[in-house]
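**Student:** The structure is given below, and queries will be raised subsequently.
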Amino acid sequence: MKIADTSLPGVKVLEPDVFIDKRGFFIESYHKKKIAELGIKCDFVQDNHSKSSRGILRGLHYQLTHPQAKLLRVISGEVLDVAVDIRTGSPAFGKWHSEKLTAENKKQLFIPRGFAHGFLVLSDTAEVLYKCDDFYHEEDDYGIAWNDPEIGIDWGVEEPMLSDKDMKNPLLSQMPKEQLPKYTG
């Protein structure tokens, strides 16, 4: 497995070894010990699976008192996956990284705690699998506006389909500091 840094500290792109023969392919999508040797030392406790249609944007989401590191991959279709550093005091505060994750390229994106996350479906449909290192807590669910002009994410779409909840997400500058994660260095 290969691992690469991104422009955001702690956000990593993983490329598993793919073994292809006449029967198809095989990948080891997760191996706790090998990933820990690459610097990702998480105890993942929850797996999530979502299926969405073209133009659907999910995000930007985060949890505050139960922050979640995530390891994401696409098993069908393609998405533009985005991480935003929302840790107050971080040198990268408000900066973002996007990565195209597809069933074909088999890349994975690791997003550490303290980042908001979202993705846009680029194909007719897409299925996204992701591991989380803490459980989902509905009462601890926060969001940032997908189109915050100060963040300036280039989603490549003007009017994605959003959930009612995501349509109401505030700008990052409107979030009270106590509702944002803190940078610990």
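Every number in this text was worked out from the coordinates using simple rules, so none of it is lab data. A quick note: this is a predicted structure, and the numbers were derived from the prediction, not measured. Ideal geometry is used to build each Cβ from the backbone, glycine not excepted, and the neighbour counts take in all protein chains shown.
**Student:** Which residue is nearest to the chain's Cα centre (by Cα), if the candidates are limited to the stretch 5-45 and must be small (Gly, Ala, Ser), farther than 16 Å from Gln68 by Cβ and assigned to a loop (DSSP other than H, G, I, E, B)? Lay out the reasoning, then the answer.
**Tutor:** First, pick out the residues of the stretch 5-45 that are small (Gly, Ala, Ser): 7, 10, 24, 29, 36, 39.
Still in the list and also farther than 16 Å from Gln68 by Cβ: 7, 24, 29, 36, 39.
Those left that are additionally assigned to a loop (DSSP other than H, G, I, E, B): 7, 29, 39.
Numbers: Ser7: 14, Ser29: 16, Gly39: 18 Å.
Looking at residues that are small (Gly, Ala, Ser), farther than 16 Å from Gln68 by Cβ and assigned to a loop (DSSP other than H, G, I, E, B), I get Ser7.
**Student:** Another question about this same structure. Exactly one condition in (1) within 26 Å of Leu14 (Cα to Cα); (2) crowded, with 20+ Cβ neighbours inside 10 Å is not met by Tyr183; state its number.
**Tutor:** Just one mismatch for Tyr183, condition (2).
**Student:** Looking at the stretch 50-74, which of its residues are farther than 19 Å from Trp155 by Cα, under 15 Å from the mean Cα position of the chain (by Cα) and not charged (D, E, K, R)?
**Tutor:** Ser50, Gln63, Pro67, Gln68, Ala69, Leu71
**Student:** Just to check your reading of the model, which residue among Leu72, Leu57 is part of a strand (DSSP E or B), farther than 16 Å from Lys131 by Cβ and in contact with an Asp or Glu (Cβ under 8 Å, 6 or more places away or on another chain)?
**Tutor:** Working: Leu72 fails: farther than 16 Å from Lys131 by Cβ.
One residue alone meets the criteria, Leu57.
**Student:** Among the listed residues Gly114, Gly94, which satisfies the condition of being in contact (Cβ under 8 Å) with a residue 60 or more places away in the chain, within 21 Å of Lys70 (Cα to Cα) and in contact with a Pro (Cβ under 7 Å, 6 or more places away or on another chain)?
**Tutor:** Gly114
**Student:** Of the conditions (1) farther than 18 Å from Ala116 by Cα; (2) assigned to a loop (DSSP other than H, G, I, E, B); (3) not charged (D, E, K, R), Ser52 fails just one. Which one is it?
**Tutor:** All conditions pass for Ser52, except number (2).
Okay, residues lined up against (1) surrounded by fewer than 19 Cβ atoms within 10 Å (Cβ to Cβ); (2) farther than 30 Å from Val45 by Cβ:
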position: Thr125; (1), (2): yes, no
position: Leu129; (1), (2): yes, no
position: His137; (1), (2): yes, no
position: Asp140; (1), (2): yes, no
position: Asn147; (1), (2): yes, yes
position: Ile151; (1), (2): no, no
position: Glu159; (1), (2): yes, yes
position: Asp164; (1), (2): yes, no
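**Student:** For the stretch 97-109: of the residues being surrounded by 23 or more Cβ atoms within 10 Å (Cβ to Cβ) and touching a residue at least 60 places away in the same chain (Cβ under 8 Å), which is nearest to Leu171 (Cα to Cα)?
**Tutor:** The residue in question is Leu109.
**Student:** Looking at Asp148, Asp166, which one is in a loop (DSSP other than H, G, I, E, B) and over 19 Å from Gly10 (Cβ atoms)?
**Tutor:** Answer to the check: Asp148.
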